[in-house]
Structure formats: C-alpha cells, structure tokens
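> First the structure, then my questions, so here it is.
Derivation of every value follows stated rules applied to the coordinates shown; laboratory data play no part. Remember, it's a predicted structure, so these values are computed and weren't measured experimentally. Here the Cβ positions follow ideal geometry from the backbone for every residue, glycine too, while neighbour counts run over all protein chains shown.
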Amino acid sequence: MKRAALYVRTSTVDQHPETQLHDLRLFCQNRGLQIVREYVDHGFSGAKARRPELYRMMDDARRHRFNVVLVWSCDRLARSTKHLLQTLDELNGLGIQFLSQREAIDTDGPLGRAIIVIVSAMAELERCIIIERVRAGMRRARLEGRQIGRARLDVNREQVVEDRRLGMSLTQVSKKHGISRATVCRLMKEANGNFNLVALASGADTSQQIQA
C-alpha cells in the first residue's frame, strides 16, 4: 500500500481546511492509499513560496516518509507556475507521485505532467487578472474621490486623551466619544509617542508617562 501525504492550504483563516481534508481522505480510501500525515497551511496565500507546513512536507519528502502527495487542486500547492514546477521537479526526482483530486491529475504519466503545466499557468493568469481588477477599481475610486481603506476617525483626539488622563476609565471614554476601547488605547499610544518625540527634542526626561 502506498503511503500518502495530504497537503491543504487555505487563503484566509475564515476558510476551514476540513472541507478539503474530507474529500482527500475519501479519495485515499477509494484508491487504497494509507495516509501517513496531513500538512495544513491555514491562512496562507498561494503566492508565498515559503509556508511552514509546505516546508515541513518537502523536508519529510526528502526523508522518504511517503511516496505520494495528494492535493485538492494544483493552486493549493502553488499559484506560480515556476514554483509549482520546481516543487514537482523535486518530488519527481525523489520518486514521489503527485495527485490532484479536482483536476484528476496524476504525474505518473507524461500526459499528467503536461496538463499540470497548463493548469498552473491558467491559475497564475487568473491571479494576475484578479490583482489587476482590484488595482483598476482602486484607481477609479480615487478618481471619483471615494475613500480608499479605513474611513478617517471623526473624533476629538485631544479630548479623548485629556479625558483618559483625567482618570476616566477606558469604557467611560469609549462610551462618551462613541469609539471602541481599542481605539482609545491607540490614540493614547499615539499621544504618548508624540510626547516622547517632543521631550527628546527638548532633552526632557520621558521616564514618567501616563499610561493608556
């Protein structure tokens, strides 16, 4: 029985890796593959070549701890054609078979390897198109005068800092100004930072500061 390693990646922490793992486990059961380890990179972009579990999987591959690598789809392993081919070249050199469930790709044969090149190139193209669409949307929004990113905080920052320094609690200050406790802390840190810069410039002692 062949020993299989499952590799799973999610782009955001909101996505659950169990969705992919369920399908891959069932696939192994139907193929008669023994799962020796599951490698999960949770919340990592496919554009990043260095991922902790991917690195660990490749290290185990060099130690010949399995002879099959199974992924849900090729873009889970890499979104760059160059990175994908480099990984597959190394796996092939180690005598490790690569399987992609969604694309039904098996690198045991030359046809499977040729299909992988095409699929990975299309995945990379898709990613580039998405990036360009986002950039175009941001350019259009700027031309139309729309806000990009977080809206400017409409609050009297000096009054927030003063209220906090006068002894009001974080909760009291946040309720008074209609902002979160975290925002109060951030404004206090910014105020203390500005205070330090002024004090350093004047040569004053900054060891005594009012904490947020």
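> Compute the distance in nm between two label points, each set 7 Å from the Cα along the Cα-to-Cβ direction, one at Val155 and one at Leu21.
Simple spin-label model gives 3.9 nm for this pair.
> Under 16 Å Cα to Cα from Lys2, which aspartates and glutamates show up? Leave out anything in the same chain fewer than 8 places away.
Partners within reach: Glu38, Asp60, Asp106, Asp108.
> Pop the C-beta distance of Ala121 and Asn192 into the FRET formula with R0 = 35 Å and round what comes out to the nearest 0.05.
About 0.10, to the nearest 0.05.
> Please report, to two decimal places, log10 I(q)/I(0) for the range 34-108 at q = 0.24 Å⁻¹ as given by the Debye formula with identical point scatterers on the Cα atoms and no solvent.
Relative scattering, expressed as log10 I(q)/I(0), comes to -1.34.
> What aspartates and glutamates could a cross-link reach from Lys175, if we take a straight Cα to Cα line under 14 Å and drop same-chain neighbours fewer than 8 places away?
Asp163
> Follow-up question, since we're still on this one. For Arg133 and Asp14, what does the FRET efficiency come to when R0 = 22 Å and r is the distance between their Cβ atoms, rounded to the nearest 0.05?
Computed FRET efficiency for Arg133 and Asp14: 0.55.
> Taking only the alpha-carbon positions of the range 3-128 and ignoring solvent, what does the Debye formula give for the base-10 log of I(q)/I(0) at q = 0.13 Å⁻¹?
So the normalised log intensities work out to -0.46.
> Multiply the residue gap between Arg50 and Arg65 by 0.36 nm, knock off their C-alpha separation, and tell me the result in nm, one decimal place.
3.3 nm
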